[in-house]
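This report refers to the structure that appears directly beneath it.
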Amino acid sequence: MARNSHFKFKQFTVQQDQCAMKVCTDACVLGAWADVRDADHILDIGAGTGLLSLMVAQRNSYGIIDAVEIDAEAFYQSGENVEKSPFYDRIRLFHSAVQEFESDHRYDVIITNPPFFQSDLLSPIDKKNIAHHAKSLDFEELLQSIIRLLKPEGKFNILFPLDEGNRFVEKAEKAGWFLTRKLTLFHHEGKKAFRQLMTFQRDKVLQNLEVNQVMYIYEPDGVTYHQAFKDLLKDFYLIF
């Protein structure tokens, strides 16, 4: 996906020149795939450009979405993106670290594309460190925040690279969460998987047959979009 100053979707446009984390394909897949059904209150942890909040608002026509963002410039840019969207009246933005965020209610659903390169070398650029690394929000702090903010019967949707995802699953399961849904993302057949999208809940009984789904972005030629990817993103991407 091209790193343009903005990315235009069918129902909204995302300006991204002030954000370290640009619109990327895996985040778009998360926004289209995350389970946000029957949710009155949704929390987006790490709003960035506002992409996930906007995609969720398009998919869930009545839910109220709260989004927290620690970086000032990303916070203001996400605010501009939300304000110019059709969903401005259902998305509320908060300039805060999630560890310090307080709400007068608990959430039905949480969605997050967190800082995840815990094992990588840090970039010298602070913004990218915050956006890409678990420097400002580690696994334990993230899980503690989710436990505090999510309803006991609620669910959270999260995106990780494979190694970080596997480590996160171990920590989440030790904290009493069950992986009830998982999508492994590949660029195309023959390539190694590069992302895991996961849904966690407290009740093991709710585990379903979607735990081991896979998705390819492209056909084996590496150019043509895979039909399953097109089906998932058809309500968002202008090219489909």
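The values are calculated or read from the model by the stated rules, or taken from the named source; none is laboratory data. Predicted model, so just to flag it, every value in this text is computed and none were measured. Using ideal geometry, Cβ is built from the backbone for each residue, glycine included, and neighbour counts are taken over all protein chains shown. With ligands, DNA and RNA removed, areas are computed over all heavy atoms of the protein, side chains included. Shrake-Rupley method; radii C 1.70, N 1.55, O 1.52, S 1.80 Å.
Out of SER53, SER61, SER78, report the one residue that is closer than 27 Å to LYS182 by Cβ, crowded, with 23+ Cβ neighbours inside 10 Å and hydroxyl-bearing (Ser, Thr, Tyr).
Selected residue: SER53, the only one of SER53, SER61, SER78 that is closer than 27 Å to LYS182 by Cβ, crowded, with 23+ Cβ neighbours inside 10 Å and hydroxyl-bearing (Ser, Thr, Tyr).
Checking the conditions here, which among ASP108, ASP126, ASP163 is at pLDDT 95 or above and of a type in the set (Asp, Glu)?
Numbers: ASP126 fails: at pLDDT 95 or above; ASP163 fails: at pLDDT 95 or above.
Answer to the check: ASP108.
Give me the residue from region 17-29 that is under 15 Å from the mean Cα position of the chain (by Cα) and open to solvent by 40 Å² or more (accessible area, probe 1.4 Å) and, out of that set, modelled with the lowest pLDDT. Per the criteria, the residue is MET21. Taking the numbered list (1) closer than 25 Å to GLU140 by Cα; (2) surrounded by 18 or more Cβ atoms within 10 Å (Cβ to Cβ) in turn, THR184 passes all entries but (2). Check ALA172 against each of (1) open to solvent by less than 20 Å² (accessible area, probe 1.4 Å); (2) in contact with a Ser or Thr (Cβ under 6 Å, 6 or more places away or on another chain) and name the one condition it does not meet. Going through (1) open to solvent by less than 20 Å² (accessible area, probe 1.4 Å); (2) in contact with a Ser or Thr (Cβ under 6 Å, 6 or more places away or on another chain) one by one, ALA172 breaks only (2). Restricting ALA193, ALA131 to those that are open to solvent by less than 60 Å² (accessible area, probe 1.4 Å) and at pLDDT 95 or above reduces the list to ALA193.
Evaluate the following for ASP231: is it charged (D, E, K, R), within 28 Å of ALA67 (Cβ to Cβ) and in contact (Cβ under 8 Å) with a residue 60 or more places away in the chain? Outline the logic, then answer.
Numbers: charged (D, E, K, R): yes; within 28 Å of ALA67 (Cβ to Cβ): yes; in contact (Cβ under 8 Å) with a residue 60 or more places away in the chain: no.
Considered against the rule, which asks whether it is charged (D, E, K, R), within 28 Å of ALA67 (Cβ to Cβ) and in contact (Cβ under 8 Å) with a residue 60 or more places away in the chain, ASP231 comes out as no.
Sub-9 Å Cβ pairs linking a first residue in region 13-35 that is free of Cβ contacts under 8 Å to residues at least 24 places away in the same chain and of a type outside the set (Val, Ile, Thr) to a second residue that is buried (at least 21 other Cβ atoms within 10 Å of the Cβ) and part of a helix (DSSP H, G or I), at least 6 apart or interchain, are CYS24/LEU51, ordered by first then second residue.
Tell me, please, whether a residue that is open to solvent by less than 10 Å² (accessible area, probe 1.4 Å), in a helix (DSSP H, G or I), within 23 Å of VAL29 (Cβ to Cβ) and out of contact with any strand residue (DSSP E or B) (no Cβ under 9 Å at 6 or more places or on another chain) can be found in region 66-74.
Initial filter on region 66-74 (open to solvent by less than 10 Å² (accessible area, probe 1.4 Å)): 66-68, 74.
Checking which are in a helix (DSSP H, G or I) leaves us with 74.
From the residues that got through so far, the ones that are within 23 Å of VAL29 (Cβ to Cβ) too are 74.
Retained after the next criterion (residues that are out of contact with any strand residue (DSSP E or B) (no Cβ under 9 Å at 6 or more places or on another chain)): 74.
Checked region 66-74: at least one residue is open to solvent by less than 10 Å² (accessible area, probe 1.4 Å), in a helix (DSSP H, G or I), within 23 Å of VAL29 (Cβ to Cβ) and out of contact with any strand residue (DSSP E or B) (no Cβ under 9 Å at 6 or more places or on another chain).
Is it the case, given these coordinates, that VAL14 is at pLDDT 95 or above, assigned to a loop (DSSP other than H, G, I, E, B) and in contact with a strand residue (DSSP E or B) (Cβ under 9 Å, 6 or more places away or on another chain)? Taking the combined requirement at face value, the residue does not satisfy it. Kindly indicate whether any position in region 177-192 is part of a helix (DSSP H, G or I), in contact (Cβ under 8 Å) with a residue 60 or more places away in the chain and farther than 19 Å from ILE110 by Cα. No - not one qualifying residue is present in region 177-192.
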